[in-house]
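Peer 1: Questions regarding the structure given below will be posed in turn.
No lab work stands behind these numbers, since they all come straight from the coordinates. For clarity, every value in this text was computed on a predicted model and none was experimentally measured. With ideal geometry, Cβ positions are generated from the backbone for all residues, glycine too; neighbour counts draw on all protein chains shown.
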Amino acid sequence: MKRDLLTILDLNREEIEGLLARARVLKSWHRQGRSHTPLAGKTLAMIFDKPSTRTRVSFEVGMAQLGGTSIYLAPGQTQLARNEPVADTAQVLSRYVNGVVIRTFAQETVEELAAHASIPVINGLTDSHHPCQVLSDLLTIRERFQDLAHLKVAWVGDGNNMANSWITAALHLDFTLYLACPQGYEPDTDLVQQAQKTGKRVYLTQDPQAAVADVQVINTDVWASMGQEDEAATRREVFKPYQVNAALLQLARPEAMVLHCLPAHRGEEIAAEVIDGPQSMVWDQAENRLHFQKALLEWLLG
C-alpha cells in the first residue's frame, strides 16, 4: 500500500520517531562521506507552483545522494498550466516516476493529486501545511534536547502553515506548544480545538511574552507569506509586538534555541542580533532539511 505525506497527521508517533532516528543515521553517513544509494533507478517528480530554495535543493540533492534522479517542473512547464485536471496529471505521472513532491497553494490540490496517484505524494508546502519543515525542525530540536516529552516550544507570529504543522506535530508527540498570534491571524481553529479536545498541551494566546516564558524553543516565520505580498504593510503594523528580539529571548530558558524556517526578514519578525546570535540554530535547521528529506524519500520510495 502506498503512503503519502500530506500533513503530519498522516504519520503516527512511531513513524515520526523512526524517521527522526533514521535521519540522524543518514546525517552521520553523509558527514563520513559514506555512499548509500537505495533509490538507484528511481525518479522523483517535483511540481513547484511557488519559489523555493531549501525545499527544492534538499529534495534534489537528497534524491541524487540516494542514487536516484529528480525532474523539476516549474510553473507553466506542465499541462496543469493549461487547466489539465489534477487527477489526469496524477495518473500520468504515476506511469513515469516513483514519487511526487508538490509545492503549491491549496491543500486541496495536494489531496486531489494524492487521491488519484498510485505513487507516494509529498506535500512540499501549501498555504495550510508545511510538514517536511516541521518534521526536520524536530530533528534539529532532538539533536539538542533528547526528551521531547518535557519540552516547551513557542510559536510567535502568524498562525500560518508552519503554526498549523506545529499543532499537528503536537497531536502526536508530547511536547507543550504555545502559540502567540495577533487577533485575526490565528492558526486553523479546527486543529486547535482538536488538540484541546484530546488533552494535548496546546495553548493559544495573543501575548508573545507569555508564550516564550520558560520555553526551550522559539519559532517564528515571516509576517507575510507567499501570496500575501499585498498585505505586507498592514501585517508589519499588526505584528510589530511579535518580533523575536533580545528582550523576548531573555524570557526563555538560558539554553533556549531559536528557529526560523527562512527566508528571514531581519528587523521584522526577527532581530538580526538574534538570528545571527549564539542561540540561533537556523543554519543547522536548514541543513537538516536534507537529512530528514533523505529519510523520508528512503521510506516512501524505497
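Peer 1: Cα-Cα pairs above 20 Å in region 133-280: how many percent?
Peer 2: 43
Peer 1: Which percent of the Cα-Cα distances in region 11-142 go past 21 Å?
Peer 2: Tail fraction, whole percent: 44.
Peer 1: Quick one, can you get me the convex hull of the C-alpha atoms of the chain expressed as volume per residue in Å³?
Peer 2: Normalising the Cα hull of the chain by residue number yields 128 Å³.
Peer 1: Answer with one residue from 204, 26, 120: the one whose Cα lies farthest towards the positive end of the charge dipole of the chain, charges on Cβ with Lys, Arg +1 and Asp, Glu -1.
Peer 2: Final value for the positive-end residue is 26.
Peer 1: List the residues whose amide H sits under 5 Å from the amide H of residue 130, counting only those 5 or more places along or on another chain, with H placed 1.01 Å from N in the peptide plane.
Peer 2: 165
Peer 1: If you filter region 194-302 for chymotrypsin sites (Phe, Trp or Tyr not before Pro), then keep DSSP loop positions with at most 11 other Cβ within 10 Å, what is left?
Peer 2: none
Peer 1: Over the chain, with a Gaussian network built from C-alpha contacts below 10 Å, which listed residue (148, 113, 290) shows the highest mean-square fluctuation?
Peer 2: The residue with the greatest mean-square fluctuation here is 148.
Peer 1: Angle check, please: helix 131-144 long axis (alpha carbons) against the longest principal axis of the chain (alpha carbons), in degrees 0 to 90, nearest 10.
Peer 2: Roughly 60 degrees, rounded to the nearest 10.
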